[in-house]
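Asks: Here you go, one structure.
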C-alpha cells in the first residue's frame, strides 16, 4: 500500500496524538512526570523507560522523541503498569489505539523500527547531528574492514602565492598519517592536483615540480615530502595517467600496527593565471577527495592577503555517488548530492602558531619549513581550516572563496 501522506506529516500526526493522550492519562492519575526519575517512580518502571516517557512528553522535537517510542513488548508492559495503579481503562484504550496507529505508520513508511529511527533522526533538528555522528563512527569501522585499510588522518593544504599582478604559484601538501592495512594487496592512491576554470576546463600549467629534493628523480616520481614521511619511504607499485594528471598507487606494507606508515607529498604548480575575478573565473575553490576510511580529515586554504577577497568562503560536502560530477566545482555539482555538514569553516588567527593541528603534530614545523624553502612569510597569508571526523565515503570537501576584483 502506498502512503497517502508524507512521512513527515504522518509522523507529526501520530506522535502528536500519542503524546497528547499519554499526557492526559498521566494527568488523570495525578502522576508526577516533571523529571524522568519521578516518571519511573510514579509508574513503577525502570529508569530507562522512565527517561523515554519523559522525553516523549516534554520534547517539542517530535522527530527526536519518536526514536524513544517503546517497542510493542515494552509498551504492553507499560500498559500493565498503568492498570496496576488503577488508571482509567478508557484512557488506556485510547492510548493503545494511538500506539497502534503509530506502529502501523512505522510499518507503512519504514518497514521496521531500525529504518524508522534512521528516517526520523534525519528529520530531527535536535537529534540529527548526534545520530549522524554515531553512524559515521560505525561506518568508519565497517569500511576499515570492508576496504581493508584505514588511516588516522587525511589532510590537504593549499597555499596560493602571488608572483606578479596576474600570476601565482600553488603549493599543495597532501597525505595520510597512520595508514594501517588490515588485509594484503590493498591499493592506496594519491593523485596529482588538477586546476580548473569555473567552466571545468583545465587551467594551463607552466611547470609542476616537487617541493623537496627527491631520492629518485624522474618525471613520474612521487613528490615525497621526505622529512615528514615514515622511513623507509613506501614504494610505488603503479603509476596511472588520468586526463593529464598522475595517480600514484603505493604498495601495502606489513599488516596491522607494525606496517603503519605516514605518506606525504608536496609539490608546486608554477605560473598559474587568473588572480582576479573575470568572466571565466569568479571563485578560488579547493577540494579534498575522501576515498579511504579516516578518523580525522583536515582541509586548509592559505592565501596571500593581496589576492584574497574580504568575504568569508563557503564550505560544502558532496557525496560522490554519481559518476558524472566527481571533481566538479560546487557550481556544477548536483545539489542533491550535498551532504549534511556539522562543522564550520574557521578563519585562523594571524601568526604561525594558529596553524597548530592536534591531529598532525608536526604540522606547524612542516609549514614553516615549506615557507623557508619558498621564501614567503606566512604572517602575510589568510588561513582557513575545515575539519571532519569519520567522513562519509566517497565524498569531497570543498572550500569556495570569491576572487578579488
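We did not get these values from a lab; they are worked out from the coordinates using the rules stated. On a predicted model such as this, the values are computed, not experimentally measured, just so you know. Methodologically, a virtual Cβ is constructed for each residue, glycine included, from the backbone with ideal geometry; neighbour enumeration extends over all protein chains shown.
Asks: Label residue 118 and residue 305 with points 7 Å out from Cα along Cα→Cβ: what is the distance between them in nm?
Replies: For residue 118 paired with residue 305, the spin-label model returns 4.9 nm.
Asks: Turning to a different aspect of this structure: Need the full-extension length gain, residue 277 to residue 241, defined as separation in residues times 0.36 nm minus the C-alpha distance. One decimal, nm.
Replies: Full extension from residue 277 to residue 241 adds 9.8 nm.
Asks: Any idea what angle helix 128-147 forms with the longest principal axis of the chain, computed on alpha-carbon atoms, 0 to 90 degrees, nearest 10?
Replies: On a 0 to 90 degree scale, this one is about 60.
Asks: In degrees, nearest 10, range 0 to 90: what is the angle between the Cα axis of helix 72-84 and the longest Cα principal axis of the chain?
Replies: 40
Asks: Here is a follow-up. Quick one: compute the contact order of the chain, relative version, from alpha carbon pairs under 8 angstrom and 6+ residues apart, as a percent.
Replies: After rounding, I find 16 percent.
Asks: Oh, and also: I'd like the per residue volume of the convex hull spanned by the Cα atoms of the stretch 40-156, given in cubic angstrom.
Replies: So the per-residue hull volume is 152 Å³.
Asks: Can you tell me the FRET efficiency between residue 125 and residue 352 if r is taken as the Cβ-Cβ distance and R0 is 45 Å, rounded to the nearest 0.05?
Replies: That gives a FRET efficiency of 0.70.
Asks: Using the Cα gyration tensor of the stretch 254-301, with a ≥ b ≥ c the square roots of its eigenvalues, what is the shape: rounded (a/c below 1.5), prolate (a/b larger than b/c) or oblate (neither)?
Replies: Note, shape of the stretch 254-301 comes out prolate.
Asks: Extension gain residue 191-residue 30, at 0.36 nm per residue separation less the Cα-Cα distance, in nm?
Replies: Working: separation 161, 0.36 × 161 = 57.96 nm, distance 6.75 nm.
Extra length available between residue 191 and residue 30 comes to 51.2 nm.
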